[in-house]
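A short worksheet on the structure shown next.
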Amino acid sequence: MNFESSLSFAKKMDENDPLKGFRSKFLFPNFHKNEVRYFTGNSLGLQPITTRKMIEEELDDWAKFGVEGHFSARRPWYSYHEQLTDLSAYVVGAKPIETVVTHSLTTNIHLLMVSFYQPKGMRTKILCEKKAFPSDQYAIMSQLEFHGFNKDHLIEVGPRAGEDIVRHEDILKCIEENKDELALVFMGGVNYYTGQFFDLEEITKAGHKAGAIVGFDLAHAAGNVNLSLHDWGVDFATWCSYKYLNSSPGGVSGMFVHERHAENTALKRFAGWWGHDKEQRFLMEDKFHPIKGAEGWQLSNAPILGMAAHLSSLQIFKEAGMERIGSKRDLITAYLEYLILKVSKENGDFLKIITPSSILERGSQLSILFERGGKKKFDLLSEQGIIADWREPNVIRIAPAPLYNSFEDCWHFADVLSR
Ligand SMILES: *Cc1c(COP(=O)(O)O)cnc(C)c1O
(Lines give C-alpha, C1' and ligand atoms only; values in the text may rest on other atoms or scores of the structure.)
Protein backbone atom coordinates (compact mmCIF):
# COMPACT_ATOMS: atom_id res chain seq x y z
CA MET A 1 0.00 0.00 0.00
CA ASN A 2 1.19 3.50 -0.80
CA PHE A 3 1.05 5.61 2.31
CA GLU A 4 1.00 9.38 2.48
CA SER A 5 2.24 11.52 5.32
CA SER A 6 -0.62 14.04 5.57
CA LEU A 7 -3.05 14.19 8.47
CA SER A 8 -5.93 13.95 6.01
CA PHE A 9 -4.55 10.62 4.79
CA ALA A 10 -4.49 9.31 8.37
CA LYS A 11 -8.10 10.41 8.82
CA LYS A 12 -9.08 8.71 5.60
CA MET A 13 -7.44 5.49 6.79
CA ASP A 14 -9.44 5.70 10.01
CA GLU A 15 -12.67 6.21 8.11
CA ASN A 16 -12.00 3.10 6.05
CA ASP A 17 -10.90 0.99 9.02
CA PRO A 18 -13.27 -1.99 9.52
CA LEU A 19 -12.35 -1.99 13.23
CA LYS A 20 -12.91 1.75 13.77
CA GLY A 21 -15.92 1.08 16.01
CA PHE A 22 -13.79 -0.78 18.54
CA ARG A 23 -11.82 2.24 19.74
CA SER A 24 -14.86 3.49 21.62
CA LYS A 25 -15.02 0.23 23.59
CA PHE A 26 -11.91 1.26 25.56
CA LEU A 27 -11.06 3.83 28.21
CA PHE A 28 -8.13 6.06 27.37
CA PRO A 29 -5.93 7.49 30.13
CA ASN A 30 -6.77 11.12 30.88
CA PHE A 31 -4.15 12.02 33.49
CA HIS A 32 -2.16 14.16 31.06
CA LYS A 33 -2.52 17.83 30.15
CA ASN A 34 -2.48 16.77 26.50
CA GLU A 35 -4.60 14.16 24.76
CA VAL A 36 -2.95 10.81 25.37
CA ARG A 37 -1.74 8.73 22.43
CA TYR A 38 -1.37 5.28 23.92
CA PHE A 39 1.28 3.00 22.39
CA THR A 40 1.93 0.62 25.27
CA GLY A 41 -0.71 -2.03 24.74
CA ASN A 42 2.26 -4.42 24.59
CA SER A 43 2.93 -3.68 28.25
CA LEU A 44 -0.52 -3.05 29.72
CA GLY A 45 -3.56 -3.06 27.47
CA LEU A 46 -6.32 -0.49 27.97
CA GLN A 47 -9.45 -1.16 29.99
CA PRO A 48 -12.50 -2.24 28.00
CA ILE A 49 -15.60 -0.31 29.05
CA THR A 50 -17.47 -3.59 29.64
CA THR A 51 -14.92 -4.77 32.22
CA ARG A 52 -16.27 -2.70 35.10
CA LYS A 53 -19.78 -4.11 34.66
CA MET A 54 -18.47 -7.65 34.37
CA ILE A 55 -16.55 -7.31 37.63
CA GLU A 56 -19.42 -5.50 39.35
CA GLU A 57 -21.74 -8.37 38.50
CA GLU A 58 -19.42 -10.73 40.35
CA LEU A 59 -19.24 -8.37 43.32
CA ASP A 60 -23.03 -8.19 43.31
CA ASP A 61 -23.37 -11.97 43.16
CA TRP A 62 -20.85 -12.39 45.95
CA ALA A 63 -22.85 -9.91 48.07
CA LYS A 64 -26.13 -11.58 47.19
CA PHE A 65 -25.18 -15.24 47.41
CA GLY A 66 -22.05 -15.55 49.54
CA VAL A 67 -20.74 -19.09 49.20
CA GLU A 68 -23.83 -20.12 47.24
CA GLY A 69 -22.43 -18.08 44.36
CA HIS A 70 -20.24 -21.06 43.45
CA PHE A 71 -23.37 -22.62 41.99
CA SER A 72 -26.00 -19.85 41.97
CA ALA A 73 -24.18 -16.82 40.57
CA ARG A 74 -25.28 -15.80 37.05
CA ARG A 75 -21.93 -17.16 35.92
CA PRO A 76 -21.32 -19.86 38.55
CA TRP A 77 -17.83 -19.59 40.03
CA TYR A 78 -17.47 -23.35 40.25
CA SER A 79 -17.12 -23.63 36.49
CA TYR A 80 -16.19 -20.01 35.75
CA HIS A 81 -12.92 -20.80 33.97
CA GLU A 82 -14.75 -22.94 31.42
CA GLN A 83 -16.33 -19.82 29.91
CA LEU A 84 -12.88 -18.58 28.94
CA THR A 85 -11.69 -21.79 27.34
CA ASP A 86 -13.21 -21.60 23.85
CA LEU A 87 -12.44 -17.90 23.56
CA SER A 88 -8.80 -18.37 24.58
CA ALA A 89 -8.45 -21.40 22.32
CA TYR A 90 -9.72 -19.23 19.47
CA VAL A 91 -7.15 -16.49 20.14
CA VAL A 92 -4.14 -18.88 20.14
CA GLY A 93 -5.32 -21.41 17.55
CA ALA A 94 -5.87 -24.32 19.90
CA LYS A 95 -8.52 -26.88 20.72
CA PRO A 96 -10.56 -26.32 23.87
CA ILE A 97 -9.09 -29.42 25.52
CA GLU A 98 -5.63 -27.86 25.02
CA THR A 99 -6.46 -24.59 26.74
CA VAL A 100 -7.09 -23.31 30.23
CA VAL A 101 -6.95 -19.91 31.93
CA THR A 102 -5.43 -20.12 35.38
CA HIS A 103 -2.76 -18.65 37.73
CA SER A 104 -0.29 -16.04 36.51
CA LEU A 105 2.31 -16.28 33.78
CA THR A 106 5.57 -17.01 35.59
CA THR A 107 3.76 -19.48 37.84
CA ASN A 108 2.56 -21.30 34.74
CA ILE A 109 6.05 -21.30 33.22
CA HIS A 110 7.24 -23.17 36.30
CA LEU A 111 4.30 -25.58 36.38
CA LEU A 112 4.74 -26.42 32.71
CA MET A 113 8.50 -26.79 33.03
CA VAL A 114 7.99 -29.25 35.88
CA SER A 115 6.13 -31.38 33.36
CA PHE A 116 8.00 -30.67 30.17
CA TYR A 117 11.58 -30.25 31.29
CA GLN A 118 12.57 -33.72 32.33
CA PRO A 119 16.33 -34.06 31.78
CA LYS A 120 17.54 -37.59 31.26
CA GLY A 121 21.03 -38.99 30.54
CA MET A 122 22.79 -36.77 28.00
CA ARG A 123 19.60 -34.83 27.29
CA THR A 124 19.78 -32.07 29.87
CA LYS A 125 19.96 -28.76 28.05
CA ILE A 126 17.47 -25.97 27.49
CA LEU A 127 17.63 -23.67 24.48
CA CYS A 128 16.18 -20.16 24.64
CA GLU A 129 16.69 -16.83 22.91
CA LYS A 130 19.33 -14.46 24.23
CA LYS A 131 17.81 -11.43 25.98
CA ALA A 132 14.69 -13.34 26.89
CA PHE A 133 12.38 -11.48 29.28
CA PRO A 134 14.05 -11.46 32.75
CA SER A 135 11.32 -13.50 34.45
CA ASP A 136 11.81 -16.26 31.87
CA GLN A 137 15.57 -16.19 32.38
CA TYR A 138 15.13 -16.51 36.15
CA ALA A 139 12.54 -19.25 35.76
CA ILE A 140 14.74 -21.25 33.38
CA MET A 141 17.89 -20.83 35.49
CA SER A 142 16.09 -21.83 38.67
CA GLN A 143 14.60 -24.88 36.95
CA LEU A 144 18.09 -25.92 35.84
CA GLU A 145 19.41 -25.46 39.37
CA PHE A 146 16.44 -27.35 40.76
CA HIS A 147 17.66 -30.33 38.73
CA GLY A 148 21.24 -29.82 39.89
CA PHE A 149 22.51 -28.16 36.73
CA ASN A 150 24.11 -24.79 36.05
CA LYS A 151 24.29 -22.23 33.26
CA ASP A 152 26.40 -24.59 31.13
CA HIS A 153 23.12 -26.37 30.51
CA LEU A 154 21.55 -23.26 29.03
CA ILE A 155 22.01 -22.57 25.33
CA GLU A 156 21.15 -19.03 24.26
CA VAL A 157 20.75 -18.10 20.60
CA GLY A 158 21.34 -14.43 19.96
CA PRO A 159 21.89 -12.03 17.08
CA ARG A 160 25.24 -12.20 15.27
CA ALA A 161 27.81 -9.54 16.13
CA GLY A 162 26.65 -6.16 14.86
CA GLU A 163 23.09 -7.39 14.22
CA ASP A 164 19.93 -6.72 16.20
CA ILE A 165 17.68 -9.68 15.59
CA VAL A 166 18.24 -13.42 15.61
CA ARG A 167 18.55 -15.09 12.25
CA HIS A 168 16.03 -17.87 11.91
CA GLU A 169 18.61 -20.14 10.31
CA ASP A 170 20.83 -19.69 13.38
CA ILE A 171 18.07 -20.95 15.65
CA LEU A 172 17.53 -24.03 13.51
CA LYS A 173 21.27 -24.63 13.25
CA CYS A 174 21.72 -24.34 17.00
CA ILE A 175 18.95 -26.87 17.61
CA GLU A 176 20.52 -29.27 15.11
CA GLU A 177 24.02 -28.84 16.58
CA ASN A 178 22.79 -29.65 20.06
CA LYS A 179 20.40 -32.41 19.13
CA ASP A 180 22.00 -35.03 21.37
CA GLU A 181 21.86 -32.92 24.50
CA LEU A 182 18.73 -30.88 24.02
CA ALA A 183 15.84 -31.66 26.39
CA LEU A 184 13.76 -28.53 25.83
CA VAL A 185 13.41 -25.57 23.50
CA PHE A 186 11.66 -22.77 25.38
CA MET A 187 11.54 -19.32 23.81
CA GLY A 188 9.43 -16.20 23.64
CA GLY A 189 7.05 -16.31 20.68
CA VAL A 190 7.64 -12.60 20.08
CA ASN A 191 10.76 -11.18 21.71
CA TYR A 192 9.74 -8.44 24.13
CA TYR A 193 12.70 -6.21 23.31
CA THR A 194 13.01 -6.35 19.54
CA GLY A 195 9.45 -7.34 18.65
CA GLN A 196 10.81 -10.20 16.51
CA PHE A 197 8.18 -12.90 15.89
CA PHE A 198 9.93 -16.22 15.58
CA ASP A 199 8.80 -18.94 13.18
CA LEU A 200 7.18 -21.10 15.82
CA GLU A 201 6.11 -23.81 13.42
CA GLU A 202 9.60 -24.42 12.04
CA ILE A 203 11.22 -24.16 15.45
CA THR A 204 8.75 -26.75 16.73
CA LYS A 205 9.53 -29.06 13.81
CA ALA A 206 13.28 -28.65 14.29
CA GLY A 207 13.00 -29.22 18.04
CA HIS A 208 10.98 -32.37 17.56
CA LYS A 209 13.37 -33.64 14.92
CA ALA A 210 16.15 -33.20 17.46
CA GLY A 211 14.16 -35.22 19.98
CA ALA A 212 13.36 -32.27 22.23
CA ILE A 213 10.15 -30.87 23.68
CA VAL A 214 9.14 -27.40 22.43
CA GLY A 215 7.31 -24.71 24.37
CA PHE A 216 6.77 -20.96 24.05
CA ASP A 217 6.14 -17.98 26.25
CA LEU A 218 3.50 -16.07 24.31
CA ALA A 219 3.25 -13.00 26.57
CA HIS A 220 4.00 -10.72 23.60
CA ALA A 221 2.30 -12.94 21.04
CA ALA A 222 -1.19 -13.76 22.37
CA GLY A 223 -3.73 -11.30 21.01
CA ASN A 224 -0.98 -9.77 18.87
CA VAL A 225 0.09 -12.25 16.19
CA ASN A 226 -1.95 -15.00 14.55
CA LEU A 227 -1.18 -18.34 16.14
CA SER A 228 -1.99 -21.97 15.29
CA LEU A 229 -0.54 -23.77 18.28
CA HIS A 230 -2.40 -27.00 17.64
CA ASP A 231 -1.55 -27.29 13.95
CA TRP A 232 2.05 -26.31 14.54
CA GLY A 233 2.37 -29.16 17.01
CA VAL A 234 3.74 -27.01 19.85
CA ASP A 235 3.99 -29.09 23.05
CA PHE A 236 3.08 -26.37 25.51
CA ALA A 237 2.74 -22.61 25.84
CA THR A 238 1.64 -19.97 28.29
CA TRP A 239 0.85 -16.26 28.09
CA CYS A 240 -0.38 -13.39 30.21
CA SER A 241 -3.67 -11.60 29.63
CA TYR A 242 -2.78 -8.05 30.52
CA LYS A 243 -0.62 -7.00 27.55
CA TYR A 244 -2.32 -7.23 24.15
CA LEU A 245 -5.24 -9.01 25.82
CA ASN A 246 -6.31 -6.01 27.92
CA SER A 247 -7.36 -8.00 30.99
CA SER A 248 -6.21 -5.95 34.00
CA PRO A 249 -2.82 -5.37 35.63
CA GLY A 250 -1.26 -8.63 36.80
CA GLY A 251 -4.23 -10.47 35.30
CA VAL A 252 -4.69 -14.19 34.85
CA SER A 253 -2.68 -16.30 32.43
CA GLY A 254 -3.49 -18.81 29.70
CA MET A 255 -1.96 -22.25 29.28
CA PHE A 256 -1.73 -24.52 26.26
CA VAL A 257 -0.88 -28.21 26.40
CA HIS A 258 -1.06 -30.06 23.10
CA GLU A 259 -3.76 -32.69 22.79
CA ARG A 260 -1.13 -35.39 22.40
CA HIS A 261 -0.26 -34.87 26.06
CA ALA A 262 -3.89 -34.79 27.26
CA GLU A 263 -3.63 -38.19 28.88
CA ASN A 264 0.14 -38.53 29.05
CA THR A 265 0.69 -40.09 32.46
CA ALA A 266 4.48 -40.06 32.00
CA LEU A 267 4.46 -36.30 32.63
CA LYS A 268 5.24 -35.40 36.20
CA ARG A 269 3.26 -32.49 37.48
CA PHE A 270 2.61 -30.46 40.57
CA ALA A 271 -1.00 -31.09 41.44
CA GLY A 272 -3.83 -29.19 43.10
CA TRP A 273 -7.51 -29.86 43.67
CA TRP A 274 -8.72 -27.78 40.72
CA GLY A 275 -6.84 -30.06 38.34
CA HIS A 276 -8.55 -33.09 39.81
CA ASP A 277 -11.27 -34.94 37.92
CA LYS A 278 -14.41 -32.79 38.22
CA GLU A 279 -16.79 -35.60 39.05
CA GLN A 280 -14.70 -36.55 42.05
CA ARG A 281 -13.46 -33.13 43.17
CA PHE A 282 -15.75 -32.80 46.16
CA LEU A 283 -15.34 -36.39 47.26
CA MET A 284 -12.07 -35.06 48.66
CA GLU A 285 -10.28 -38.29 47.84
CA ASP A 286 -6.61 -38.85 48.69
CA LYS A 287 -5.40 -39.78 45.24
CA PHE A 288 -5.03 -37.24 42.43
CA HIS A 289 -6.76 -38.03 39.12
CA PRO A 290 -5.97 -35.22 36.67
CA ILE A 291 -8.62 -33.84 34.32
CA LYS A 292 -7.81 -34.76 30.73
CA GLY A 293 -6.04 -31.93 28.90
CA ALA A 294 -4.81 -28.52 29.97
CA GLU A 295 -7.36 -28.19 32.79
CA GLY A 296 -5.46 -30.88 34.65
CA TRP A 297 -2.65 -28.37 35.30
CA GLN A 298 -4.87 -26.09 37.40
CA LEU A 299 -3.99 -25.91 41.06
CA SER A 300 -6.53 -23.56 42.54
CA ASN A 301 -10.08 -22.38 42.10
CA ALA A 302 -10.22 -19.36 39.84
CA PRO A 303 -9.74 -15.73 41.00
CA ILE A 304 -13.15 -14.63 39.74
CA LEU A 305 -12.52 -10.87 39.54
CA GLY A 306 -9.45 -11.30 37.34
CA MET A 307 -11.24 -13.92 35.28
CA ALA A 308 -14.18 -11.54 34.78
CA ALA A 309 -11.82 -8.89 33.40
CA HIS A 310 -10.35 -11.42 31.01
CA LEU A 311 -13.76 -12.68 29.91
CA SER A 312 -14.94 -9.20 28.99
CA SER A 313 -11.84 -8.61 26.90
CA LEU A 314 -11.87 -12.01 25.18
CA GLN A 315 -15.44 -11.32 24.06
CA ILE A 316 -14.17 -8.24 22.24
CA PHE A 317 -11.47 -10.28 20.49
CA LYS A 318 -14.09 -12.77 19.36
CA GLU A 319 -16.35 -10.01 18.10
CA ALA A 320 -13.56 -8.28 16.20
CA GLY A 321 -12.14 -11.55 14.87
CA MET A 322 -8.45 -12.48 14.82
CA GLU A 323 -8.34 -12.18 11.05
CA ARG A 324 -9.52 -8.58 11.01
CA ILE A 325 -7.27 -7.80 13.96
CA GLY A 326 -4.33 -9.29 12.04
CA SER A 327 -5.06 -7.32 8.87
CA LYS A 328 -5.26 -4.02 10.72
CA ARG A 329 -2.18 -4.89 12.79
CA ASP A 330 -0.07 -5.31 9.66
CA LEU A 331 -1.47 -2.21 8.00
CA ILE A 332 -1.23 0.19 10.93
CA THR A 333 2.23 -1.06 11.92
CA ALA A 334 3.51 -0.64 8.38
CA TYR A 335 1.99 2.85 8.31
CA LEU A 336 3.65 3.83 11.57
CA GLU A 337 6.95 2.40 10.32
CA TYR A 338 6.62 4.44 7.13
CA LEU A 339 6.01 7.66 9.06
CA ILE A 340 8.88 7.09 11.49
CA LEU A 341 11.38 6.27 8.76
CA LYS A 342 10.28 9.34 6.82
CA VAL A 343 10.85 11.61 9.83
CA SER A 344 14.23 9.99 10.42
CA LYS A 345 15.31 10.38 6.82
CA GLU A 346 14.35 14.05 6.77
CA ASN A 347 16.37 14.64 9.93
CA GLY A 348 19.70 12.98 9.26
CA ASP A 349 18.78 9.35 9.96
CA PHE A 350 18.82 9.66 13.73
CA LEU A 351 17.15 6.34 14.44
CA LYS A 352 16.85 2.77 13.33
CA ILE A 353 13.91 0.39 13.70
CA ILE A 354 15.41 -2.88 14.90
CA THR A 355 12.14 -4.84 14.61
CA PRO A 356 12.07 -6.91 11.40
CA SER A 357 10.45 -5.11 8.48
CA SER A 358 8.72 -8.26 7.22
CA ILE A 359 5.17 -8.66 8.48
CA LEU A 360 5.83 -12.38 8.85
CA GLU A 361 8.46 -11.68 11.49
CA ARG A 362 6.70 -9.14 13.65
CA GLY A 363 3.43 -8.24 15.29
CA SER A 364 2.42 -4.70 16.10
CA GLN A 365 5.50 -3.65 18.08
CA LEU A 366 8.22 -1.44 16.67
CA SER A 367 11.45 -1.06 18.64
CA ILE A 368 13.25 2.15 17.78
CA LEU A 369 16.96 2.36 18.47
CA PHE A 370 18.32 5.90 18.72
CA GLU A 371 21.85 6.76 17.78
CA ARG A 372 22.06 8.95 20.87
CA GLY A 373 19.89 10.96 23.22
CA GLY A 374 17.06 8.43 23.17
CA LYS A 375 16.01 9.12 26.74
CA LYS A 376 15.73 12.85 26.13
CA LYS A 377 13.53 12.20 23.09
CA PHE A 378 11.46 9.76 25.09
CA ASP A 379 10.90 12.39 27.79
CA LEU A 380 9.89 14.97 25.19
CA LEU A 381 7.44 12.52 23.62
CA SER A 382 5.97 11.80 27.07
CA GLU A 383 5.57 15.50 27.74
CA GLN A 384 3.39 15.75 24.64
CA GLY A 385 1.11 12.90 25.76
CA ILE A 386 2.73 10.06 23.81
CA ILE A 387 2.75 7.00 26.06
CA ALA A 388 5.60 4.79 24.90
CA ASP A 389 7.99 2.45 26.66
CA TRP A 390 11.66 3.15 27.38
CA ARG A 391 14.29 0.40 27.50
CA GLU A 392 17.92 0.98 28.38
CA PRO A 393 20.26 1.74 26.78
CA ASN A 394 18.61 3.50 23.84
CA VAL A 395 15.34 1.91 22.74
CA ILE A 396 11.76 3.13 22.62
CA ARG A 397 9.15 0.43 22.12
CA ILE A 398 5.76 1.34 20.68
CA ALA A 399 2.86 -0.85 19.64
CA PRO A 400 -0.24 0.38 17.81
CA ALA A 401 -2.95 -1.97 19.13
CA PRO A 402 -5.36 -2.77 16.31
CA LEU A 403 -8.43 -2.70 18.55
CA TYR A 404 -8.01 0.80 19.87
CA ASN A 405 -5.20 2.67 18.14
CA SER A 406 -6.05 4.88 15.20
CA PHE A 407 -4.01 5.91 12.19
CA GLU A 408 -4.33 9.42 13.52
CA ASP A 409 -2.56 8.29 16.73
CA CYS A 410 0.34 7.18 14.54
CA TRP A 411 0.34 10.44 12.67
CA HIS A 412 0.59 12.33 15.97
CA PHE A 413 3.46 10.16 17.11
CA ALA A 414 5.40 10.99 13.96
CA ASP A 415 4.46 14.65 14.20
CA VAL A 416 5.83 14.95 17.74
CA LEU A 417 8.90 12.93 16.79
CA SER A 418 9.65 15.28 13.90
CA ARG A 419 9.45 18.28 16.19
C1 LIG B 1 5.28 -9.67 30.65
C2 LIG B 1 6.09 -10.90 30.65
C3 LIG B 1 6.25 -11.68 31.81
C4 LIG B 1 5.62 -11.24 33.12
O5 LIG B 1 5.34 -12.33 33.93
P6 LIG B 1 4.25 -12.25 35.09
O7 LIG B 1 4.40 -13.56 35.75
O8 LIG B 1 2.92 -12.02 34.45
O9 LIG B 1 4.63 -11.09 35.98
C10 LIG B 1 6.99 -12.84 31.72
N11 LIG B 1 7.57 -13.22 30.55
C12 LIG B 1 7.44 -12.49 29.43
C13 LIG B 1 8.08 -12.95 28.15
C14 LIG B 1 6.71 -11.31 29.44
O15 LIG B 1 6.62 -10.57 28.34
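Things to note:
- Residue among VAL114, THR265, ALA222 farthest towards the positive dipole end of the chain, charges placed on Cβ: ALA222
- Trypsin sites (Lys or Arg not before Pro) lying in DSSP loop within the stretch 50-132, provided at most 14 other Cβ fall within 10 Å: ARG74, LYS130
- Normalised by 2.2 N^0.38 Å, where N is the number of residues, the C-alpha radius of gyration of the stretch 105-187 stands at 1.08.
- Protein heavy-atom accessible surface, 1.4 Å probe, per residue over the stretch 80-319: 40 Å².
- Radius of gyration (Cα atoms) of the stretch 224-308, expressed as a multiple of 2.2 N^0.38 Å: 1.23.
- Loop GluC sites (Glu not before Pro), the stretch 270-334 (other Cβ atoms within 10 Å of the site Cβ: 15 or fewer; DSSP): GLU285
- Share of carbon and sulfur in the accessible heavy-atom surface of the chain [1.4 Å probe, %]: 53 percent
- Of the peptides 264-274, 83-93, the ranking by mean beta-carbon count within 10 Å, highest at the top, reads 83-93, 264-274.
- Selected from GLY66, GLY189, GLY41 as most flexible by GNM, with the chain as the system and alpha-carbon contacts under 10 Å: GLY66
- Base-10 log of normalised Debye intensity for the stretch 80-319 (one unit scatterer per alpha-carbon) at q = 0.14, 0.15 Å⁻¹: -0.88, -1.00
- Ranked by the mean number of other Cβ atoms within 10 Å of their residues, highest first, the peptides 393-405, 210-222 come out as 210-222, 393-405.
- Most mobile listed residue (CYS128, CYS174, CYS240) in the chain, GNM with C-alpha springs under 10 Å: CYS174
- Averaging 1/r across all pairs of distinct Cα atoms in the chain and inverting the result yields a Kirkwood radius of 22.5 Å.
- Mean Kyte hydropathy of 0.0 or more with a Cα span along the axis of at least 15 Å, helices from DSSP in the chain: 82-92, 105-116, 304-320, 407-418
The values are calculated or read from the model by the stated rules, or taken from the named source; none is laboratory data. Since this is a predicted model, take the numbers as computed values, not measurements. Every residue, glycine as well, gets a Cβ built from its backbone with ideal geometry; the counts of neighbours run over all protein chains shown. Please note that ligands, DNA and RNA were not included when accessible areas were found on the heavy atoms of the full protein model with its side chains. Shrake-Rupley method; radii C 1.70, N 1.55, O 1.52, S 1.80 Å.
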